[in-house]
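Chemist: Please find one structure pasted underneath; my questions will follow.
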Protein chains: 2
Amino acid sequence: MRPCLPLLLVSLVLPSGPALTAADRSPSPAPTVAERLLVRGLEERRAYDILGSLLKAAPSRMSGSPGAAAAVEWGRKTMEELGLETRLEAVTVKAWRRGTAEARILKSPKGGAAVPLAAAGLGNSVGTPAAGITARVVEVNSFDELDALGEKVKGKIVFFNRPMNRTYLNPFRAYGEAGDQRYAGAGRAAVHGAVAVLVRSLTDRLDPHPRTGMMAYPETGERIPALAVSTLDADLLSLRLKEEPDLKVFYRTDCSPLPDAPSHNVIGQITGTEKPEEVILLGAHLDAWDLSPGAHDDGGGCAQVLEALRLIKALDLKPKRTIRGVLFMCEEFGGQGGRQYAQAEARRGEKHLAAIESDAGVEMPLGFGIRADEAVVQAFQKHLPLVETFGMFFIRRGYGGVDIDPLRESGTVTIGLATDAQRYFVYQHGALDTLDKVDERQIELGAAAMAALACALAEEGLPAVP
Amino acid sequence: MRPCLPLLLVSLVLPSGPALTAADRSPSPAPTVAERLLVRGLEERRAYDILGSLLKAAPSRMSGSPGAAAAVEWGRKTMEELGLETRLEAVTVKAWRRGTAEARILKSPKGGAAVPLAAAGLGNSVGTPAAGITARVVEVNSFDELDALGEKVKGKIVFFNRPMNRTYLNPFRAYGEAGDQRYAGAGRAAVHGAVAVLVRSLTDRLDPHPRTGMMAYPETGERIPALAVSTLDADLLSLRLKEEPDLKVFYRTDCSPLPDAPSHNVIGQITGTEKPEEVILLGAHLDAWDLSPGAHDDGGGCAQVLEALRLIKALDLKPKRTIRGVLFMCEEFGGQGGRQYAQAEARRGEKHLAAIESDAGVEMPLGFGIRADEAVVQAFQKHLPLVETFGMFFIRRGYGGVDIDPLRESGTVTIGLATDAQRYFVYQHGALDTLDKVDERQIELGAAAMAALACALAEEGLPAVP
C-alpha cells in the first residue's frame, strides 16, 4: 500500500516540541554573541566532559578532606589549561569525619525480626560511645510534637519523620519546610534528654539511599548524634513502631567534628580590557557531600562555570570588564568559602557588579533568579531576549546562591541560574547524584546562558534602574 | 565553633530554584480546579505507576504485533478499572516483521579487521536474499551528493551518514532535517542501482544503540532493504572508509512487510452532563517501536491520558462536555489509527472542539503548542494562568500531534503538550527509552495540566476569537 507521504513528513518536521526560537531561525545574518555562544556550546558540548573530569579526579570531595584538596588541584589545573589567569585564595573551612554508622531494629522478645536501617551521619554530628546506644524510639513529626512530649523522650532516640510535602510545585519549598528536622533536630531533642536522633532523609522519593547534609548544635547544651535514615527505612521503622511501640534500636557511629582546616577557593578569570577592576563573577561550589559524586550538587555548576569561560575564550570575546570564575570551597558546611571570599583583602580595589551562581542542579535551565529589589529585576528585563536565546523563559526575583550571597553587602547583584528542579531531590546529598543523571545538552545550555549574561554585563555594566 | 545559623537557614529556605507559583502560595482560600488537580496529582503520582503497568503488560507493542493486542487489552482493562465508559474501535493497521538483521565490515585482504556493526531494520523495510549481500559501501551526506554520484553507487550499499545538527536549540528541527535519509533514503538510492542502504541512527548522541523508525518506498521502483546503524558504528564505518574506501560489508536481514492487520483504538470517557456530544479529546499512541519499551514514546503519553481522566474522576468533577481519552494505535507506521478515528462512522453526531495530545516525551512540561491561526492562539491566552499553575510557561503556535491532526479537517483545535525535549533523542525508537528515564513528578505535572485544560474547555467551550 502506498504510505501517506505528506502526513509522515509532517510528523518528522513539525513535532510537538517547543516552537523555534531565534537561534533556530537560520541563517542568521549577524548572529548575536548569545547565539554564537549557544551554537558553539551545543556543537562542542564540553561542560559534560569537564564534569566527568572532575568526578574522576575528585569523586569524593567533602570540605576539609583529601578529596577536596584534589578537587582544588583539579580546578587550578583545568583553569590553567583553559588559558585563564588562575590563582588560589586560601580559606579556612570546616571539617568532619564520617567514620561508620549503624542503626538496626533489634529482635524483639515478642518475635519481631531484627532489621538493619540504611543510615548515615549528618554532617557535623558527634558520635556515640564506642559501644553504641540501645534505646527505645519516639517518632515525631514536628518540634511542637517533640516539645509536647517533653520528658517522655528522655533516654530515647527521637525519630523525626515528617516527609517533604510533595504537593508543592517547587520542591525547594518542601525541602525548606522539612529541613529543620535535619538541621536543628538533635539540639531540640537533647533539650528533653534524648540520647540520639534519626532523621528521615530529605527527599520526596521512596528509595533505600540515606541523604546526608549539614546539621548544627546550639552553642550550649548536650550534643547528641544525628543519623539520616533512608525514606524507605523511615517508613518501615514507622510501621514497626505502630505494631510494637517499645521496640529498641541499636545505634552506633564514630563520626566526629574535626578542627578547622586550610583549603582554597579556586579562581580563574579573563581580565577586562577597559575596566579590569569591575568584576562579573560566575560561581559554583567545589565541595560535595562524601556520600555522593555530586554531579548535580555542585560538580555540574563548577563545570558550567569553566565551560562558560572556555566558550568566551573560544569565541575570542574580549570583555571590557573582568569575568571571573570562582569555584568556592565549603558551601555544604555553611558557606565559609563564599564568606571569606567576600571579606578577603584581595577584594580591595575590586568592584563586583554582579555574581551569577549555578547551584540548583544542572537540568534544563529555565531562567535567572535575582535577589534584588523589584526595580532591579525590572531593569534586567532588557536581557530577556538574550535569555530566550537559550530556550529559557524568565528573569525574576529569586535567590542568587549561598556562595555569592555575602557579596550583597558590598552592593553586588546576585543572580542564580534557575533550572527545572523536579528531580533535584532524587539526587541531592546521596548516592544517586551521578554523572549519568546529567544531560549533555541541558548542562551546556546553562553554561552558555551564564556566559552570555556575563558577557552582556561585562560589556554594558548593570542595567540602569530608572 | 558556632555555626552561622541565619545563613544556613537561608540556604535551606531560599535556594536558587524557580520562584513560587500560585500553587505554592498556601493556604489558598479557594483553590482553583487546576490547583486541586495539581495537588491531587503530586500527592498520588499515579501516572508513573500507570506507565509501569503498561510496560509490564506490553513491553513490546509494535503495530500489528501480539504485543500491540496486549496493549489494547491493557488499555481497555485499565480504563474500566478507572470507571470510565470504555470501548474499543476497530482499525486496520500496518504490520511488519523485524526478523533479524546483521551488518559487518569484512576482513580486508590488506589486514583491516572484521567488525560487526550495531544495526536494525527500519520499519517497513524489505529483506535481503537469504544468503545476504556482500558489497562495497558509498558514504553520502545528502540526496544531492547521492544524485551527483549517480551510476557510481550501482551494486553498492549506500551509507547515509548526515548527523542530526546538534547546534539547534530545538532537537525536533534537527530530527526533521536529518529524517529524509531514514524515510526516503532507500527509494532514492535504488534509483541509482544501489543494493541496500545503511542509515545513521536519528539521535544527536554517540552511543551503541541503533534507532529504528518508519521508512517508505516510492510507489514504483526497486525496493531495497534499509538498516539503521548506531551512531558510534556510523562514525567507525566512516573512519574505516577513509582508510580503505573499497572495504566490503556483509549485510543480511529477513525483515518483511506483512499484510495489514486488525487492531483497535482504545476509548474511555467521562460523558458530559450538558453537551455530551461535544468532545474534548485527550490522546496519545499505544503502539511503540519494538526495539524500545517506549516509556517516553509514547507509553508516558498514554499514562498521562489515563491519569488525567483518573484525576478528574477522583475530584468528582462533572464536566459539561465529554472528556474522552483515546489511546491510538499505529502512530509509528503513519498514523493509521488517528486517521481512521477521524473518519469513523462513530464520529457522526459528535463535535470535537479540541484535542490535546502528549507525544513529545514526558519530561518537564513547558507549555501547550496549538496548531491554529494566531487569532485562536491569542484567544487561548486566557488559559495562561491555568497553565502557569503547573510551572509551565506558554501557550503558543505549535504542532498538536500526529494522531489528532486528521481531526483538524472537521474544525477541531489540535493542541500538543510541549515538554523539555533536550533529551528526547536519547530515548526515541531505541533501547534507552526505559521506565527509569521517566520522572514521577514531571510525568504527573503533564497529566494534571492536560486534565486542567480539558476541564476548562469542557466547562467553557473554546475561547471566543474576537
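Chemist: State the number of residues belonging to segment B:332-346 that are exposed (fewer than 15 other Cβ atoms within 10 Å of the Cβ) and touching a residue at least 24 places away in the same chain (Cβ under 8 Å).
Modeler: 3
Chemist: Confirm whether A:A375 is more than 8 Å from chain B (Cβ to nearest Cβ), in contact with a Leu (Cβ under 7 Å, 6 or more places away or on another chain) and in a helix (DSSP H, G or I).
Modeler: Here the answer is no, as A:A375 does not meet what is asked.
Chemist: Going through B:L146, B:L202 one at a time, which residue ends up being aliphatic (A, V, I, L, M) and within 14 Å of chain A (Cβ to nearest Cβ)?
Modeler: Exactly one of B:L146, B:L202 is aliphatic (A, V, I, L, M) and within 14 Å of chain A (Cβ to nearest Cβ), namely B:L202.
Chemist: Filter segment A:168-186 down to the residues that are touching a Gly at 6+ places or on another chain (Cβ under 9 Å) and closer than 25 Å to A:P116 by Cα, then identify the one that is nearest to the other protein chains (Cβ to nearest Cβ).
Modeler: A:G179
Chemist: Given B:L453, B:L445, which one is surrounded by 24 or more Cβ atoms within 10 Å (Cβ to Cβ) and at the interface with chain A (Cβ under 9 Å from one of its Cβ atoms)?
Modeler: B:L445 is the lone residue from the list that is surrounded by 24 or more Cβ atoms within 10 Å (Cβ to Cβ) and at the interface with chain A (Cβ under 9 Å from one of its Cβ atoms).
Chemist: What tally of residues in segment A:66-79 results from selecting those that are within 19 Å of A:Q304 (Cβ to Cβ) and either without any contact (Cβ under 8 Å) to a residue 60 or more places away in the chain or among the aromatic types (F, W, Y) (or both)?
Modeler: Residues in segment A:66-79 being within 19 Å of A:Q304 (Cβ to Cβ) and either without any contact (Cβ under 8 Å) to a residue 60 or more places away in the chain or among the aromatic types (F, W, Y) (or both): 2 in total.
Chemist: Does A:S108 count as modelled with pLDDT under 95 and polar (S, T, N, Q)?
Modeler: yes
Chemist: Hey, another quick one. Go through A:T220, A:T253, A:T271 for me and flag whichever is touching a Pro at 6+ places or on another chain (Cβ under 9 Å), β-branched (V, I, T) and surrounded by fewer than 19 Cβ atoms within 10 Å (Cβ to Cβ).
Modeler: Of the residues listed, the single one that is touching a Pro at 6+ places or on another chain (Cβ under 9 Å), β-branched (V, I, T) and surrounded by fewer than 19 Cβ atoms within 10 Å (Cβ to Cβ) is A:T271.
Chemist: Are any residues in segment A:353-371 small (G, A, S) and either farther than 20 Å from A:G335 by Cα or at the interface with another protein chain (Cβ under 10 Å from one of its Cβ atoms) (or both), and if so, which ones?
Modeler: A:S358, A:A360, A:G361, A:G367, A:G369
Chemist: Which of the residues belonging to segment B:206-217 are surrounded by 20 or more Cβ atoms within 10 Å (Cβ to Cβ) and within 11 Å of chain A (Cβ to nearest Cβ)?
Modeler: Across segment B:206-217, the qualifying residues are B:G213, B:M214, B:M215, B:A216, B:Y217.
Chemist: Can you tell me which of (1) farther than 18 Å from A:V93 by Cα; (2) in contact (Cβ under 8 Å) with a residue 60 or more places away in the chain; (3) of a type outside the set (A, V, I, L, M, F, W, C); (4) not in a loop (DSSP other than H, G, I, E, B) is the one A:G369 doesn't meet?
Modeler: Condition not satisfied by A:G369: (2).
Yes/no per residue for (1) surrounded by fewer than 17 Cβ atoms within 10 Å (Cβ to Cβ); (2) assigned to a strand (DSSP E or B); (3) assigned by TED's automatic domain parsing to the domain that holds A:G268; (4) of a type in the set (K, R):
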site: A:G41; (1), (2), (3), (4): no, no, yes, no
site: A:A47; (1), (2), (3), (4): no, no, yes, no
site: A:G52; (1), (2), (3), (4): yes, no, yes, no
site: A:L55; (1), (2), (3), (4): no, no, yes, no
site: A:S60; (1), (2), (3), (4): no, no, yes, no
site: A:V72; (1), (2), (3), (4): no, no, yes, no
site: A:E80; (1), (2), (3), (4): yes, no, yes, no
site: A:G83; (1), (2), (3), (4): yes, no, yes, no
site: A:A120; (1), (2), (3), (4): no, yes, no, no
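Chemist: For segment A:80-119, which positions are of a type in the set (G, A, S) and in contact (Cβ under 8 Å) with a residue 12 or more places away in the chain?
Modeler: A:G83, A:A90, A:A95, A:G99, A:A101, A:A103, A:S108, A:G112, A:A118, A:A119 - these are the residues of segment A:80-119 that are of a type in the set (G, A, S) and in contact (Cβ under 8 Å) with a residue 12 or more places away in the chain.
Chemist: Among the listed residues B:I323, B:I395, which satisfies the condition of being assigned to a strand (DSSP E or B) and within 30 Å of B:G67 (Cβ to Cβ)?
Modeler: B:I323
Chemist: Next up: Of all residues being more than 10 Å from chain B (Cβ to nearest Cβ) and of a type in the set (S, T, N, Q) in segment A:400-427, which is surrounded by the fewest Cβ atoms within 10 Å (Cβ to Cβ)? Just the residue, please.
Modeler: Within segment A:400-427, the match that is surrounded by the fewest Cβ atoms within 10 Å (Cβ to Cβ) is A:S410.
Chemist: I would also like to ask the following. Given the options A:A354, A:A421, A:A360, A:A346, name the one that is assigned by TED's automatic domain parsing to the domain that holds A:L453 and assigned to a helix (DSSP H, G or I).
Modeler: A:A346
Chemist: Now a separate question. For A:E350, are the conditions met, namely being within 14 Å of chain B (Cβ to nearest Cβ), out of contact with any helix residue (DSSP H, G or I) (no Cβ under 6 Å at 6 or more places or on another chain) and either in contact (Cβ under 8 Å) with a residue 40 or more places away in the chain or closer than 14 Å to A:Q269 by Cα (or both)?
Modeler: no
The values are calculated or read from the model by the stated rules, or taken from the named source; none is laboratory data. All figures in this text were calculated on a predicted structure; none of them were measured in a lab. Note that we place each Cβ from the backbone using ideal geometry, even for glycine, and neighbour counts take in every protein chain shown.
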